[in-house]
1. Does Ala160 fit the bill of being surrounded by fewer than 21 Cβ atoms within 10 Å (Cβ to Cβ) and closer than 30 Å to Glu306 by Cα?
2. Could you pull out every one of the helices (runs of 4 or more DSSP H) wholly within segment 192-310 that has 1 or more residues that are within 13 Å of the ligand (Cβ to nearest atom)?
3. Search segment 47-65 for residues that are within 17 Å of Glu177 (Cα to Cα) and touching a residue at least 24 places away in the same chain (Cβ under 8 Å) and pair each with any residue that is more than 11 Å from the ligand (Cβ to nearest atom) and β-branched (Val, Ile, Thr) when their beta-carbon atoms are under 9 Å apart and the residues are at least 6 apart or on different chains.
4. Restricting to segment 237-286, name every residue that is polar (S, T, N, Q) and in contact (Cβ under 8 Å) with a residue 24 or more places away in the chain.
5. Is it fair to say Ser172 is over 21 Å from the mean Cα position of the chain (by Cα) and either hydrophobic (A, V, I, L, M, F, W, C) or at pLDDT 95 or above (or both)?
6. Could you go through segment 131-140 and let me know if any residue there is farther than 20 Å from Val168 by Cα, in contact with a strand residue (DSSP E or B) (Cβ under 6 Å, 6 or more places away or on another chain) and among the hydroxyl-bearing types (Ser, Thr, Tyr).
7. Mind checking whether some residue in segment 177-184 is within 14 Å of the ligand (Cβ to nearest atom) and in a helix (DSSP H, G or I)?
8. Mind listing whichever residues of segment 18-45 are closer than 17 Å to Glu288 by Cβ, more than 9 Å from the ligand (Cβ to nearest atom) and out of contact with any helix residue (DSSP H, G or I) (no Cβ under 7 Å at 6 or more places or on another chain)?
Amino acid sequence: MQQRQLGPFQVSAISLGCMNLSHAYGVPPPAEQGERVLLAALDAGVTHFDSAAMYGFGANETLVGRVLKPHRRRFTLASKGGLAGVQTEDGMKRVIDGRPEAIRKNCEDSLRRLQTDVIDLYYLHRWDKKVPIEESVGAMSDLLRAGKVRSLGLSEVSAATLRKAHAVHPISAVQTEYSLWTRNPEIAVLDACRELGAAFVAFSPVARGFLCDALHDVVTLDAKDIRRSMPRFSPENYAANLKLLPPYKALAQEAGCTPAQLALAWLLHKAPHIVPIPGTTQVEHLREDLGAMDVRLDASLIGRLESLINEKTVAGNRYSEQSNREVDTEVF
Ligand SMILES: NC(=O)c1ccc[n+]([C@@H]2O[C@H](COP(=O)([O-])OP(=O)(O)OC[C@H]3O[C@@H](n4cnc5c(N)ncnc54)[C@H](OP(=O)(O)O)[C@@H]3O)[C@@H](O)[C@H]2O)c1
């Protein structure tokens, strides 16, 4: 298994995003299926698992903790706080709260659900714009000094916010959406990470299924599937985006790999500090995704790929206006 540096840790160059096992893309799979995916990943040599307090309002951490606890020494565990489910009269509500007391509580809750004494990489899931980043990161560095987390990360931040945070405490990783159809990190964050010695963890690296040639009709998506609120997945925009797939698949064939592998191999070729974390509920898809580490791409193919799929050729924004307000990333 190829390795990449993630803060103080060496991890599998392709690691596993665990969100989909409990959250996001319609009805989550049964727990036994999630268990199979997690154990198959471990068996295949995956040494980094990514969860968050937010995923399934804690259900994902509970699953990851239960299944992976006996193997805790074999992998680097990441989770996130500052965004979590809060009980209200109308049920659980998603709340961004970066105040130190909220971060401390999120971390304690995560440690309990994950059944571990320490989280290796602890991210601020979203910068709470009502709280100076220095305050939130200050609280995270207190957790580190208390031995509850081993390194710090940020998610969906701009280069300027990363630098402010890094001045308070070294940041080991930035996790942000990055794939052929979401190129925002190329504006500044990828370079800032390289300069500061932070890894860049690419989430939604296979474009939430689009680049796997796996989703052809968005009308079939479950009512609770979060892609329904994403402009790129609206029926009109998605129909336009689907036209990119035949030439994309031809490039995958030329590279001797599957469409999903091409998306992941492209990320691995972009820079050595990038660690993609695809998510899947299927063991076969997991194995296919890991196979991207063996794919070699030449400059000509990369050039044609980048001209085919980029922010200008894709129809629709990645996020709704509401979700856009919650992130701090640079936009084209
Ligand atoms: N920090 C953040 O704010 C944030 C936000 C989103 C995600 N994340 C993290 O990033 C991870 C991955 O992101 P993501 O799940 O949003 O997007 P993704 O990995 O780009 O796409 C996941 C989708 O692609 C499908 N897929 C994956 N491999 C496939 C293959 N080989 N063939 C066919 N379909 C395939 C999966 O379906 P199947 O289940 O059928 O395989 C799933 O629907 C998450 O698990 C989470 O840990 C972080």
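1. In short, yes.
2. 245-255, 259-270, 283-290
3. If the second residue must be more than 11 Å from the ligand (Cβ to nearest atom) and β-branched (Val, Ile, Thr), the pairs left are Phe49/Thr76.
4. Correct list: Asn237, Asn241, Thr258, Gln261, Thr280, Thr281, Gln282.
5. Spelling it out, it is not the case that Ser172 is over 21 Å from the mean Cα position of the chain (by Cα) and either hydrophobic (A, V, I, L, M, F, W, C) or at pLDDT 95 or above (or both).
6. no
7. Yes; the residues of segment 177-184 include at least one that is within 14 Å of the ligand (Cβ to nearest atom) and in a helix (DSSP H, G or I).
8. Of everything in segment 18-45, those that are closer than 17 Å to Glu288 by Cβ, more than 9 Å from the ligand (Cβ to nearest atom) and out of contact with any helix residue (DSSP H, G or I) (no Cβ under 7 Å at 6 or more places or on another chain) turn out to be Gln33, Asp43, Gly45.
The values are calculated or read from the model by the stated rules, or taken from the named source; none is laboratory data. Fair warning: this is a prediction, and the values are worked out from it, not measured in the lab. Positions of Cβ are backbone-derived with ideal geometry, glycine not excepted, and every protein chain shown enters the neighbour counts.
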